[in-house]
Structure formats: structure tokens, C-alpha cells
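The block underneath contains the structure these notes are about, expressed in C-alpha cells.
Derivation of every value follows stated rules applied to the coordinates shown; laboratory data play no part. As the structure is a prediction and not an experimental result, all values here were calculated from the model. Here the Cβ is made from the backbone with ideal geometry for all residues, glycine too, and neighbour counts use every protein chain on show.
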Amino acid sequence: MAKTSNTKKQFEKLGSLAGDIFYYNHVTKGPGFSKLFVEKKYGTDKIISSTFVRLSDSTPIIKLEFLGEQHDEKEIKLVINKLYKTSIGGYPYALKLAHNNCKISDKELAKMVSLLGLSNEIGSREVLG
């Protein structure tokens, strides 16, 4: 539901070179959210609506994504308020916990590669140990 992003859609018509989140990070410092952007390129049953959100002053911006296009400011504010109540340093605690519990270290990845008998061709990106 929330993540950082390198999406280049909201400032595309202005000839943006960096991801949208870059511009929001440099233009704003306070809490709030961007205009809802609706992406229809994946098909009518896979429409994704997104907004960039800052939960507290001078904290990282996150991207919220919603399935479908029938979302309004009232719903976004409701979601933001719920995330804010459980955020730490402007980042939702549940997402931080999920990230910490699900990340795979280089050492663990190397073990999986070895156990599964996976190998790479010479010159490909290797697992670093």
C-alpha cells in the first residue's frame, strides 16, 4: 500500500527528469498529500490511483496506492490519519515492521542460491557474500 517510488508521472508534462517524489521532497516540508494520480495503462480492471504523502513535518514522503479510481480526498485523509497514529518518524510502523521481518540479507541469499543449486552465467550479477 505504501512505498517510496521513482514514478515520473505527475511532473511528466513539465519535462521532469527525476521521479515525482524528488520534486515533492524539495518543494514541501510539511504534512499533506498530492493530487490523486490515476494510472489506467494496466487495464480497466487494474487501475491504480496514487498519491504522495508526508505524515509529519520534515519526514520522508511515501507513496500510497489504491486499487481503482473511485477514491476521494476524504478517503485519503482517513487512511493518512490511521497511518499517522501508528507512524514512527513519519513512516508507518506496520510497514517498517514488515520490511524488517521480510528483508533478506546477502548472506541468506547466498545460502538460498547454494541450497537450490542456482548459479549465474559468467559476467552476470553475482550474489555478494
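Residues whose amide H lies under 5 Å from that of Glu39, counting only those 5 or more places away or on a different chain, are Ile48, Ser49, Ser50; hydrogens are built 1.01 Å from N in the peptide plane. Note that region 53-62 has calculated 3J(HN,Hα) couplings of 10, 10, 7, 9, 3, 6, 10, x, 8, 10 Hz, one per residue in order, obtained from phi through the Karplus relation 6.51 cos²θ - 1.76 cosθ + 1.60 (θ = phi - 60°); glycine and proline are x. 3J(HN,Hα) along region 41-51, derived from phi through the Karplus expression 6.51 cos²θ - 1.76 cosθ + 1.60 where θ = phi - 60°, amounts to 5, 8, x, 5, 8, 10, 6, 10, 9, 9, 8 Hz, with x in place of Gly and Pro. A cut-off under 12 angstrom between Cβ atoms defines the neighbours of Tyr93, and their net charge, with Lys, Arg +1 and Asp, Glu -1, is +3.
In the structure shown, the pairs Lys35/Lys74; Lys29/Lys63; Lys46/Lys96; Lys40/Lys85; Lys35/Lys103; Lys35/Lys63 are assessed against 20 Å; a Cα-Cα span above that value is assigned to Lys46/Lys96; Lys40/Lys85; Lys35/Lys103. Rounded to the nearest Hz, the phi-derived 3J(HN,Hα) couplings of region 85-100 under the Karplus curve 6.51 cos²θ - 1.76 cosθ + 1.60 (θ = phi - 60°) are 4, 10, 9, 10, x, x, 10, x, 4, 4, 6, 4, 5, 4, 4, 5, where x marks glycine and proline.
If I take R0 = 30 Å and measure r between the Cβ atoms of His26 and Leu109 in this structure, what FRET efficiency does the formula 1/(1 + (r/R0)^6) give, to the nearest 0.05? Before the final figure, lay out each step's value.
Values: r = 34 Å, r/R0 = 1.15.
Working from the Cβ atoms, E equals 0.30.
Projecting label points 7 angstrom from Cα along Cα→Cβ for Leu95 and Asp45 puts them 2.8 nm apart.
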